[in-house]
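Encoded as structure tokens, here's the structure I'll be asking about.
The values are calculated or read from the model by the stated rules, or taken from the named source; none is laboratory data. The model shown is predicted, which means the values in this text are computed figures rather than measured ones. Glycine also receives a Cβ, built like all others from the backbone with ideal geometry; neighbour counts cover every protein chain displayed.
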Amino acid sequence: MAVRQVEEIRALHDLGLSVQETRPFVECLADGHLAGDECPESLAAYRHAIDQLSERITRLARRRDALATHLEMAANRSIPASPATDLTRLPDGLPVPRDDGAAAHLAGLRLPSVTLPATDGSTVRLDALGEGRTVLYVYPLTGRPGLDLPEGWDTIPGARGCTPEACGFRDHHDDLREAGARRVYGLSSQSRDYQRELVDRLHLPFAMLSDPEFTVRDALGLPTFVADGMSLCRRLTMIIDLGSVEHVFYPVFPPDRHAEQVVDWLRAHPRSAP
């Protein structure tokens with residue numbers, strides 16, 4: 001029995017449990033159970049350890065986001081803006097993305113029952129967006145002033161231009177609403193705090209949705225690419241109505257004029273009454 005208890009303690013230490021936390025498991029073995037986690041007290045110890053780890057992860061994530069914010073503030077103070085680093089403008093000579101058919105299956109698909117956090121503090125369920133059309137534009141990532149974009153970013157067709165695209169939807173937001181869009185959202189895999197900075201900096205009149213787990217990508221089969229070791233969604237826009245994808249813009253180029261393209265499509269295709 002003593003050997004079995006020592007083995008149990010060693011196994012639990014490998015999982016990160018302290019000597020004090022292993023006591024319910026040892027007592028469970030001493031009571032004659034074949035495994036140390038067959039007792040209610042042992043299960044409670046598991047849950048307690050998981051809760052502690054979850055709290056620690058949350059604290060670390062907040063610390064990471066706070067450090068990123070301070071880094072950006074310091075970079076903005078020490079690195080003056082210049083045309084070469086102006087993220088609101090597209091450089092000349094960007095490669096033009098081609099339609100590879102990776103989004104051809106999206107039109108007509110039902111939206112998944114996925115709830116995403118929004119930068120305004122709310123949550124948005126994609127299959128319950130409400131009455132009327134929704135413009136949901138998907139983009140890979142936005143840069144921040146003073147911080148480097150992924151290596152080779154400007155050589156990837158369709159990668160550059162997320163900030164100009166957001167500015168376009170901002171500047172044409174009233175036109176989109178007048179043309180029949182009840183709501184506009186941007187969607188990327190970046191964190192809500194990262195996107196909130198973008199909303200504040202660019203004064204966006206709509207919320208951004210965050211999908212760091214790529215649940216929408218996996219559910220809808222959205223096209224992706226890899227940059228600097230990161231998997232990112234390719235730029236596309238979906239017009240959503242009655243819980244389904246009505247129309248898809250893919251590929252999107254140039255991104256700084258894309259909002260105008262969406263306005264033109266909405267005006268040319270007025271919504272019929274359901």
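Kindly establish whether Val262 is out of contact with any Leu (no Cβ under 6 Å at 6 or more places or on another chain), closer than 26 Å to Leu94 by Cβ, among the β-branched types (Val, Ile, Thr) and surrounded by fewer than 18 Cβ atoms within 10 Å (Cβ to Cβ).
Details: out of contact with any Leu (no Cβ under 6 Å at 6 or more places or on another chain): yes; closer than 26 Å to Leu94 by Cβ: yes; among the β-branched types (Val, Ile, Thr): yes; surrounded by fewer than 18 Cβ atoms within 10 Å (Cβ to Cβ): no.
So Val262 fails the test.
Taking Asp127 and the conditions (1) surrounded by fewer than 16 Cβ atoms within 10 Å (Cβ to Cβ); (2) in a loop (DSSP other than H, G, I, E, B); (3) in contact (Cβ under 8 Å) with a residue 24 or more places away in the chain, which numbered condition does it fall short on, given that it satisfies the others?
Here Asp127 clears every test but (2).
Kindly indicate whether Phe225 is part of a loop (DSSP other than H, G, I, E, B), assigned by TED's automatic domain parsing to the domain that holds Tyr137 and closer than 20 Å to Asp100 by Cα.
Values: part of a loop (DSSP other than H, G, I, E, B): no; assigned by TED's automatic domain parsing to the domain that holds Tyr137: yes; closer than 20 Å to Asp100 by Cα: yes.
Here the answer is no, as Phe225 does not meet what is asked.
Ok, one more. Considering only residues of the stretch 145-189 that are assigned to a loop (DSSP other than H, G, I, E, B) and out of contact with any Asp or Glu (no Cβ under 9 Å at 6 or more places or on another chain), which is modelled with the lowest pLDDT? Write out each step before concluding.
Just the residues of the stretch 145-189 that are assigned to a loop (DSSP other than H, G, I, E, B), to begin with: 145-152, 156-161, 172, 179-180, 189.
Pick out the ones that are also out of contact with any Asp or Glu (no Cβ under 9 Å at 6 or more places or on another chain) and you get 148, 156-159, 180.
On the way: Asp148: 77, Ile156: 95, Pro157: 96, Gly158: 95, Ala159: 96, Gly180: 97.
The qualifying residue modelled with the lowest pLDDT is Asp148.
Hey, among Gly108, Gly101, Gly121, which residue is outside any strand (DSSP E or B) and either modelled with pLDDT under 95 or under 18 Å from Leu198 (Cα atoms) (or both)?
Details: Gly108 fails: either modelled with pLDDT under 95 or under 18 Å from Leu198 (Cα atoms) (or both); Gly101 fails: either modelled with pLDDT under 95 or under 18 Å from Leu198 (Cα atoms) (or both).
Answer to the selection: Gly121.
Residues being among the basic types (Lys, Arg) and under 14 Å from the mean Cα position of the chain (by Cα): count how many of those fall in the stretch 150-203. Give the steps one after another, and end with the answer.
Just the residues of the stretch 150-203 that are among the basic types (Lys, Arg), to begin with: 160, 170, 177, 182-183, 192, 196, 201.
Adding the requirement that they be under 14 Å from the mean Cα position of the chain (by Cα) leaves 192, 196.
Residues in the stretch 150-203 being among the basic types (Lys, Arg) and under 14 Å from the mean Cα position of the chain (by Cα): 2 in total.
Filtering the stretch 137-148 down to residues that are surrounded by fewer than 22 Cβ atoms within 10 Å (Cβ to Cβ) and within 17 Å of the chain's Cα centre (by Cα), which residue is farthest from Arg110 (Cα to Cα)? Break it down stepwise before answering.
So the first thing to find is which residues in the stretch 137-148 are surrounded by fewer than 22 Cβ atoms within 10 Å (Cβ to Cβ), and the list is 141, 143-148.
Then drop every residue that is not within 17 Å of the chain's Cα centre (by Cα), which leaves 141, 143-144.
Values: Leu141: 25, Gly143: 31, Arg144: 34 Å.
The selected residue is Arg144.
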